[in-house]
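*Asks:* Below is a structure I'd like to ask you about.
The values are calculated or read from the model by the stated rules, or taken from the named source; none is laboratory data. Everything numeric here is computed off the predicted structure, so don't read it as measured data. Please note: Cβ atoms are built from the backbone with ideal geometry, for glycine as well, and neighbour counts cover all protein chains shown. Protein only, heavy atoms only, side chains kept; ligands, DNA and RNA dropped before computing areas. Shrake-Rupley method; radii C 1.70, N 1.55, O 1.52, S 1.80 Å.
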Amino acid sequence: MHVHLDPVGGIAGDMFAAAVLDAWPELEAGLIAALERAGILRLATVRRCDHIDHALSGSRFEVRQTEGNPDRHHSHRDLQDFIQSADLAGRVRERALHLFDLLAGAESKVHGVAPEEVSFHEVGHWDSIADIVSAAWLIDALEDATWSCEALPLGRGRVATAHGSLPLPAPATTVLLEGLPTFQDEHRGERVTPTGAAIVRHLDPSFGPIPGVMRLARSGTGFGTSVFEDLSNTLRLLVFERASTGYRADRVTVCSFEVDDQTGEDMAVALDRVRAVPGVLDVTQSPISGKKGRLAVRVQVLAEPDAVPSALDACFRETTTLGIRWQTVERAVLERHESQVQLGDRTVAVKQTRRPGEIVTAKAGMDDLAGAHGGREKRELLRRRAETVVAGPVSDREEQNGK
């Protein structure tokens, strides 16, 4: 399952909870029971309710302070103690603590105090605490989900806080948004709250196009409390199920460049070093005709997206290139597994995969084959290799033939 966040109006803790419950209304009873066990419902009432604005319908997540329960600010240490002692599932507790740690780290940087000394104001009220614990519980309920997100709107103007009027995005939000894709539009007001930014940081989503071919299974719309002119203040969730294609879709970064002034011996050593960089998946080179009729090589490096900076550094360090092109693309990958086949006194690694149409193919490792000694043994290894490549293991052939 894959969940895509579309912050049309922005994102806040209550908007996230409302959107998830709008997509999965069956989770509401479990969430309320968890908040009851944690002691939060002694201090505040919580409910999901239907909501309609001028254009859309969806859900609101309402948290109301109970009568006689004075609202007050809490220190980061107070909130840690509360979460640690609350009757919460282990993973939910860890997620809630991480969310508060993210907020404390941002407030610490803004105000110049140690994280444990941070005194929360807006996010220290019981409504924000309920939002954060609810978000932790809902994220954990969707534990098998992967996440992606559109760029986040920054917002403009001022917001009233316990520290006075502050610019938007609020200082703590700004810290949490560092490094994330954002944009600015014409709508004024707070678009991303500190809690909303902390949730995005906690989810660690991918940004950009929805990865791979998937089926849209359900959606949810969560409303915030602010009202914007000509814009629905909503967070939309699109929930996808991966299409049954027989292969896995993911994303990979392709880095390419040309070199015409480095010897073949030196290039071989250089590319081995690039290949050894963590996150680099493959490195290839091919001959081309370069400028001024020189024989050159084109190098292509496949890397995991997070490994791009270290891969680029290695290419610049180990080769003479002065420029590298790179782009992140989608790819389809067949699942494969490796088994060990005993041939006489030798063990050979065999990689096997199932292709569309229930075709099974397998290939023996060339390193094992190259290490075979003796004509008869080598011929047997090659024969078995050819057999597995063409038809797959005997058990699979019999299964396909209905034997």
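*Asks:* Scanning for something farther than 24 Å from D53 by Cα, acidic (D, E) and touching a residue at least 24 places away in the same chain (Cβ under 8 Å), does segment 203-211 turn up at least one residue?
*Replies:* Initial filter on segment 203-211 (farther than 24 Å from D53 by Cα): 203-211.
Checking the rest, the ones that are also acidic (D, E) come to 204.
Checking the rest, the ones that are also touching a residue at least 24 places away in the same chain (Cβ under 8 Å) come to 204.
Scanning segment 203-211 turns up at least one residue that is farther than 24 Å from D53 by Cα, acidic (D, E) and touching a residue at least 24 places away in the same chain (Cβ under 8 Å).
*Asks:* Right, T161: surrounded by fewer than 22 Cβ atoms within 10 Å (Cβ to Cβ) and modelled with pLDDT of 85 or more or not?
*Replies:* So T161 fails the test.
*Asks:* Could I ask something else about it? Note down all Cβ pairs under 9 Å where the first residue falls in segment 170-190 and is under 18 Å from F228 (Cα atoms), the second is of a type in the set (F, W, Y) and open to solvent by less than 30 Å² (accessible area, probe 1.4 Å), and they're at least six residues apart or on different chains.
*Replies:* Filtered contacts from segment 170-190: H187/F228; R188/F228; G189/F228.
*Asks:* Of everything in segment 281-315, what is open to solvent by 20 Å² or more (accessible area, probe 1.4 Å) and either closer than 13 Å to V252 by Cβ or hydrophobic (A, V, I, L, M, F, W, C) (or both)? Give them in sequence order.
*Replies:* L281, D282, I288, L295, V297, Q300, L302, E304, P305, D306, L312
*Asks:* Working carefully through the options I32, I83, find the one that is modelled with pLDDT under 95, surrounded by 14 or more Cβ atoms within 10 Å (Cβ to Cβ) and farther than 25 Å from V192 by Cα.
*Replies:* Matching residue, one of I32, I83: I32.
*Asks:* Being at pLDDT 90 or above, under 19 Å from R218 (Cα atoms) and either among the polar types (S, T, N, Q) or surrounded by 15 or more Cβ atoms within 10 Å (Cβ to Cβ) (or both) narrows it down to one residue among D14, D6; which is it?
*Replies:* D6
*Asks:* Looking at segment 153-209 only, could you name the residues that are of a type in the set (A, V, I, L, M, F, W, C) and within 17 Å of the chain's Cα centre (by Cα)?
*Replies:* Selection gives L176, L177, L180, A197, A198, I199, V200, L203, F207.
*Asks:* Something else about it: List the pairs whose first member sits in segment 38-49 and is touching a residue at least 40 places away in the same chain (Cβ under 8 Å), whose second member is open to solvent by 20 Å² or more (accessible area, probe 1.4 Å) and part of a helix (DSSP H, G or I), and whose Cβ atoms are under 7 Å apart, counting only residues at least 6 apart or on separate chains?
*Replies:* Short answer, once both residue conditions are applied: L43/W126; A44/W126; A44/D127; V46/I32.
*Asks:* Kindly indicate whether any position in segment 198-208 is touching an Asp or Glu at 6+ places or on another chain (Cβ under 8 Å), of a type outside the set (A, V, I, L, M) and under 30 Å from E26 (Cα atoms).
*Replies:* Kept after step one, since they are touching an Asp or Glu at 6+ places or on another chain (Cβ under 8 Å), are these residues of segment 198-208: 207.
Now drop any that are not of a type outside the set (A, V, I, L, M), which leaves 207.
Next cut, under 30 Å from E26 (Cα atoms) only: 207.
Checking segment 198-208: at least one residue is touching an Asp or Glu at 6+ places or on another chain (Cβ under 8 Å), of a type outside the set (A, V, I, L, M) and under 30 Å from E26 (Cα atoms).
*Asks:* Does R42 satisfy the condition of being within 26 Å of L103 (Cβ to Cβ), under 28 Å from the mean Cα position of the chain (by Cα), open to solvent by 50 Å² or more (accessible area, probe 1.4 Å) and not aliphatic (A, V, I, L, M)?
*Replies:* No: the conditions fail for R42.
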